[in-house]
Amino acid sequence: MKTQEQVLKFSAARKSFGDVVALAGFDLEVAKGELVTLLGPSGCGKTTALRIAAGFEQPDSGTVELHGVNITNQPAHKRNMGMVFQNYSLFPHMNVNENVGFGLKVRGKESAEREMLVTAAIDRVRLNGLGERYSHQLSGGQQQRVALARALVFEPQVLLLDEPLSALDAKVRAELRDEIRLLQSEVGVATIFVTHDQDEALSISDRICIMKDGHVQQIGTPRDVYLHPANAFVARFVGAMNELEINVSASSIASIGELQLDLQVSNISGPTAKMLLRPDAVSICQRGDQNSLNATVVGQHFSGATTMVRLRLDHNDTVVSALLVSRDVTVAVGEGVGVLLNTREAIIERSND
């Protein structure tokens, strides 16, 4: 977090649509210059929270504050917030200059000042020379840059981004994601970014708020939620995860096959539980090495710097993944190997979780 100056605050915000609870006591604070991502599956409440912040929805109870002022019942047009939508929402009858300057015109800015601010905003999103073009003459990435310029041109106190990259192809999406992060950092605006893409959230966020069924599951830095998930849902949702069934013979003594595990947990209710382990906590060694499980390589997925190796454990046919540095991968499909598990990074899902 860049600063502790609080800009936006949700307190116990609740929202239902009929019998469906979209938000159940939502609490969140966003500081100046901070980018907080709302992450979760469809229907978890992240877009509802964003719409409540923008003033497009009213909470059934709870409050929203902007710089300590209660704005819960304030209409959207009186909130100094910039919004970027998934589908761009550009006016087709306006060119780029007119789209970017529309909010300034509504706010009563004089023509000369509007022109200066619009030019600066267009330059900032790298659309120099495209001011006279219309939306149908622009690529998807260019249209989203126009939407971003329009949201930032009047210097909002909060920037709200509702899955702004989901309609773009992978390469443009990655480029624009990095540009948004850089621009947001330069401007220093408090930002809420909504996505269901875990990689996107991990790469762009100062903090991530992970949601499920209207409830916050965990709020933390990308490193925190990846390495120290609060529960099994977070562990599974953020990044790839291996799931291994373990046998429990005592409250903290467990095993997989013949391998006894050194687990840093207690009071595991038996006789079985699940151990969740990231692929980067799984490594390959010689078959038969001490403290390893025997396995067979059943597949490899090369992705440049890393290779995901798929391994079938001999004792129960469970398939696990190991994420390895590509230059260190010398195994072949069908080869017998040993598998080492870094159980210090394991998450244990008890049978009553």
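Can you tell me which of Val297, Val337, Val320 is within 19 Å of Met241 (Cβ to Cβ), of a type in the set (A, V, I, L, M), touching a residue at least 24 places away in the same chain (Cβ under 8 Å) and not in a loop (DSSP other than H, G, I, E, B)?
Step by step, each of Val297, Val337, Val320 is checked, and only Val320 is within 19 Å of Met241 (Cβ to Cβ), of a type in the set (A, V, I, L, M), touching a residue at least 24 places away in the same chain (Cβ under 8 Å) and not in a loop (DSSP other than H, G, I, E, B).
For a quick check of your reading of the model, give me the residue pairs whose first member lies in region 32-44 and is within 9 Å of Met211 (Cα to Cα), whose second is at pLDDT below 95 and polar (S, T, N, Q), with beta-carbon atoms closer than 7 Å and at least 6 apart or on different chains.
Close Cβ pairs (under 7 Å, with a partner that is at pLDDT below 95 and polar (S, T, N, Q)) amount to Leu39/Thr195; Leu39/Gln198.
Of the residues that sit in region 92-113 and are among the acidic types (Asp, Glu) and either open to solvent by 80 Å² or more (accessible area, probe 1.4 Å) or in contact with a Lys or Arg (Cβ under 6 Å, 6 or more places away or on another chain) (or both), which one is nearest to Leu182 (Cα to Cα)?
Taking the candidates together, the pick is Glu98.
Can you tell me how many residues in region 29-47 are surrounded by 20 or more Cβ atoms within 10 Å (Cβ to Cβ) and closer than 12 Å to Leu8 by Cα?
4
Assuming Asp169 fulfils every condition listed in (1) open to solvent by 10 Å² or more (accessible area, probe 1.4 Å); (2) touching a residue at least 40 places away in the same chain (Cβ under 8 Å) apart from one, which condition is it?
(2)
Can you tell me which residue is nearest to Thr195 (Cα to Cα) among those in region 48-57 that are surrounded by fewer than 20 Cβ atoms within 10 Å (Cβ to Cβ) and of a type outside the set (D, E, K, R)?
The qualifying residue nearest to Thr195 (Cα to Cα) is Ala54.
For region 3-21, name all the residues that are of a type in the set (Gly, Ala, Ser), open to solvent by 10 Å² or more (accessible area, probe 1.4 Å) and either in contact with a Leu (Cβ under 9 Å, 6 or more places away or on another chain) or within 20 Å of Ile71 (Cβ to Cβ) (or both).
First pass over region 3-21, keeping only residues of a type in the set (Gly, Ala, Ser): 11-13, 16, 18.
Among the residues that remain, those that are also open to solvent by 10 Å² or more (accessible area, probe 1.4 Å) are: 11-12, 16, 18.
Ser11, Ala12, Ser16, listed by residue number.
If you go through region 58-80, how many residues are over 17 Å from Lys15 (Cα atoms), touching a helix residue (DSSP H, G or I) at 6+ places or on another chain (Cβ under 9 Å) and open to solvent by 50 Å² or more (accessible area, probe 1.4 Å)?
Result for region 58-80: 1.
Return only the number of the condition from (1) open to solvent by 10 Å² or more (accessible area, probe 1.4 Å); (2) more than 23 Å from Leu8 (Cβ to Cβ) that His196 does not satisfy.
Status for His196: all satisfied but (2).
So which residues in region 114-161 are open to solvent by 10 Å² or more (accessible area, probe 1.4 Å) and in contact with a Ser or Thr (Cβ under 6 Å, 6 or more places away or on another chain), if there are any at all?
Gln143
Go through region 196-244 and report how many residues are in a helix (DSSP H, G or I), farther than 30 Å from Asp19 by Cβ and of a type in the set (D, E, K, R).
Within region 196-244, residues that are in a helix (DSSP H, G or I), farther than 30 Å from Asp19 by Cβ and of a type in the set (D, E, K, R) number 4.
Quick test of your reading of the structure: Asp27 fulfils all but one of (1) assigned to a strand (DSSP E or B); (2) in contact with a Pro (Cβ under 7 Å, 6 or more places away or on another chain); (3) over 19 Å from Pro164 (Cα atoms). Name the failing condition by number.
Exception for Asp27: condition (2).
If we scan region 177-188, do we find a residue that is modelled with pLDDT of 95 or more, over 30 Å from Gly257 (Cα atoms) and in a loop (DSSP other than H, G, I, E, B)?
Here is the first cut: in region 177-188, the ones modelled with pLDDT of 95 or more are none.
For region 177-188, residues modelled with pLDDT of 95 or more, over 30 Å from Gly257 (Cα atoms) and in a loop (DSSP other than H, G, I, E, B): absent.
Somewhere in region 302-316, is a residue at pLDDT below 95, assigned to a strand (DSSP E or B) and surrounded by fewer than 12 Cβ atoms within 10 Å (Cβ to Cβ)?
Yes, there is a match, as at least one residue in region 302-316 is at pLDDT below 95, assigned to a strand (DSSP E or B) and surrounded by fewer than 12 Cβ atoms within 10 Å (Cβ to Cβ).
Tell me which residues, restricted to region 50-93, are part of a loop (DSSP other than H, G, I, E, B), farther than 22 Å from Phe17 by Cβ and among the small types (Gly, Ala, Ser).
Once the filter is applied, which keeps residues that are part of a loop (DSSP other than H, G, I, E, B), farther than 22 Å from Phe17 by Cβ and among the small types (Gly, Ala, Ser), region 50-93 yields Gly68, Ser89.
Taking the conditions exactly as written (open to solvent by less than 50 Å² (accessible area, probe 1.4 Å), in contact with a Lys or Arg (Cβ under 8 Å, 6 or more places away or on another chain) and closer than 30 Å to Gln137 by Cβ), does Gly25 satisfy them or not? Give the derivation first.
On the way: open to solvent by less than 50 Å² (accessible area, probe 1.4 Å): yes; in contact with a Lys or Arg (Cβ under 8 Å, 6 or more places away or on another chain): yes; closer than 30 Å to Gln137 by Cβ: no.
Taking the combined requirement at face value, the residue does not satisfy it.
Condition first: out of contact with any Leu (no Cβ under 6 Å at 6 or more places or on another chain), part of a strand (DSSP E or B) and farther than 30 Å from Arg133 by Cβ. Can you find one or more residues in region 39-49 that meet it?
For region 39-49, residues out of contact with any Leu (no Cβ under 6 Å at 6 or more places or on another chain), part of a strand (DSSP E or B) and farther than 30 Å from Arg133 by Cβ: present.
Quick check on my filter: what residues within region 207-258 are of a type in the set (Lys, Arg) and open to solvent by less than 60 Å² (accessible area, probe 1.4 Å)?
The answer is Arg207, and nothing else.
The values are calculated or read from the model by the stated rules, or taken from the named source; none is laboratory data. None of the values given here were measured: they were computed from a predicted structure. Glycine also receives a Cβ, built like all others from the backbone with ideal geometry; neighbour counts cover every protein chain displayed. In case anyone asks, the SASA skips ligands and DNA or RNA and just uses the protein heavy atoms, side chains included. Shrake-Rupley method; radii C 1.70, N 1.55, O 1.52, S 1.80 Å.
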